[in-house]
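Have a look at the structure below, then the notes.
The values are calculated or read from the model by the stated rules, or taken from the named source; none is laboratory data. None of the values given here were measured: they were computed from a predicted structure. Here the Cβ positions follow ideal geometry from the backbone for every residue, glycine too, while neighbour counts run over all protein chains shown. In case anyone asks, the SASA skips ligands and DNA or RNA and just uses the protein heavy atoms, side chains included. Shrake-Rupley method; radii C 1.70, N 1.55, O 1.52, S 1.80 Å.
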Amino acid sequence: MSQHSDSALVDDSHARRYSVLPAAQRHTPVVHEIEIKRSRFIGYLFRVEAEEDVREHVSALRKEHHLARHACSAFLLGPDRRVMRSNDDGEPAGTAGTPMLEAIAQRETVLVSAEGTGAEQLRDASDVLAVVVRYFGGVKLGAGGLVRAYSDAVSQTLDQVTWTVRQRMLWYRIPAPHAVAGRWENELRATGWHLGVTDYAGSSALLTLASVDDDMAAERLKADLAAISSGAGQVEPTHVEWTDL
């Protein structure tokens, strides 16, 4: 992360971006069902931001599927995936939650470079909850069969996902004389910068601008502003914010 003195800018994650489910999946899950030896395995994927979200979704699915034998779960949270949990919900230990968690953790997403010059495959999916509801079909699968079934249920549900990139952004404010604020704003936007709301209420206007949080972007912003303002403009970092691109 770029180094800044303001404590409001502190973000101790190592990742600059990671892959998440689209925002719609905060409330509407991706759902996919498979059947193995008459047992139904219904996979659900939600986007979650805290363990409280996990508890709410799992509780709701248990109520919805109150006749089901099991509702096993696994989730990962945060840019660095520091929180990983799983629950076998009555299945033999290690046969459900663990393979479900592994299926998410090992899922490769495709990250296209900002310049569009290439792509790389990453194992960076996070802020995701998987729940697999099982309706027992009367035939025991054995430990190995359960591991494959729960892993396949999550993997095939993940196959239905179109991933979204979540990017760590650094916000700046740029004081500008009222007479030139509009021109600076237009020229910065034309150069490719993402401008927020400009405040014209004070003695000088305050432009707001978001940039990818790295040193190269910070230096480019300073250079662009210097060229636009003939060296008069100054950028002041204000806060870090994670944003869906």
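From the residues in the range 183-227 that are of a type in the set (A, V, I, L, M, F, W, C) and open to solvent by 70 Å² or more (accessible area, probe 1.4 Å), which one is nearest to the chain's Cα centre (by Cα)? Walk me through it before giving the result.
Of the residues in the range 183-227, the ones of a type in the set (A, V, I, L, M, F, W, C) are 184, 188, 190, 193, 195, 197, 201, 205-207, 209-210, 212, 216-218, 221, 223, 225-227.
Cutting the leftovers down to open to solvent by 70 Å² or more (accessible area, probe 1.4 Å) gives us 190, 197, 201, 216, 227.
Details: Ala190: 28, Val197: 25, Ala201: 35, Met216: 23, Ala227: 35 Å.
Checked the range 183-227; the qualifying residue nearest to the chain's Cα centre (by Cα) is Met216.
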Problem set entry | Count of the range 82-103 residues which are part of a loop (DSSP other than H, G, I, E, B) and surrounded by fewer than 19 Cβ atoms within 10 Å (Cβ to Cβ) | 5
Exercise. What number of residues within the range 9-67 satisfy the criterion of being open to solvent by 70 Å² or more (accessible area, probe 1.4 Å) and under 20 Å from Leu146 (Cβ atoms)?
Worked result: 7
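Taking the condition of being outside any loop (DSSP other than H, G, I, E, B), of a type in the set (A, V, I, L, M) and at pLDDT below 95, how many residues in the range 1-51 meet it? Reasoning before the result, please.
Going through the range 1-51, the residues outside any loop (DSSP other than H, G, I, E, B) turn out to be 7-9, 17-20, 23-26, 30-36, 39-47, 51.
Pick out the ones that are also of a type in the set (A, V, I, L, M) and you get 8-9, 20, 23-24, 30-31, 34, 36, 42, 45.
From what is left, the residues that are at pLDDT below 95 are 8-9.
Total satisfying the criteria: 2.
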For this session: May I ask you to verify whether Glu115 is among the charged types (D, E, K, R), open to solvent by 10 Å² or more (accessible area, probe 1.4 Å) and at pLDDT 95 or above?
Result: no
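With respect to Thr98, is the statement that it is closer than 18 Å to Thr162 by Cβ and hydroxyl-bearing (Ser, Thr, Tyr) true?
no
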Problem set entry | Residues of the range 208-238 satisfying the condition of being under 16 Å from Pro175 (Cα atoms), in contact (Cβ under 8 Å) with a residue 24 or more places away in the chain and not aliphatic (A, V, I, L, M) | Thr208, Asp224, Ser229, Gly233, Gln234, Glu236, Pro237, Thr238
Exercise. Of all residues in the range 126-182 being in a strand (DSSP E or B), at pLDDT 95 or above and among the hydroxyl-bearing types (Ser, Thr, Tyr), which is least open to solvent (accessible area, probe 1.4 Å)?
Worked result: Tyr172
Problem set entry | Single match in Ala205, Ala181, Ala190 (criterion: free of Cβ contacts under 8 Å to residues at least 12 places away in the same chain, of a type in the set (Gly, Ala, Ser) and farther than 30 Å from Gln106 by Cβ) | Ala190
